[in-house]
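Below you'll find the structure, written out as structure tokens, and then a few comments.
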Amino acid sequence: MSFRVCINCYGIRVYPYMGFMVGQRYQCQDCQEQMVIPIEFDTQEDYEAFLKEMGVSPKDQEE
Ligand SMILES: [Zn+2]
């Protein structure tokens, strides 16, 4: 199962956001960033490898 990741904070709580004038977008529930094309990963391993590359630890994302 693939999942979408925020391009701004790399959080995984990205959901489709339907705008009437702008067409389909996605919005991150963590930072409210709106994006047309979020990052997509097929596996949890791919996501964690990406976070490591970006210098972000999954556990450090929470406040
Ligand atoms: Zn975000």
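The values are calculated or read from the model by the stated rules, or taken from the named source; none is laboratory data. Model, not experiment: these values are computed from the prediction. When we count neighbours, we look across all protein chains shown, and the Cβ atoms used for this are built from the backbone with ideal geometry, even at glycine.
Report yes if Gln61 is near the ligand (Cβ under 10 Å from one of its atoms) and at pLDDT below 90, otherwise no.
yes
Looking at region 14-34, is at least one residue part of a loop (DSSP other than H, G, I, E, B), among the aliphatic types (A, V, I, L, M) and within 18 Å of Val56 (Cα to Cα)?
no
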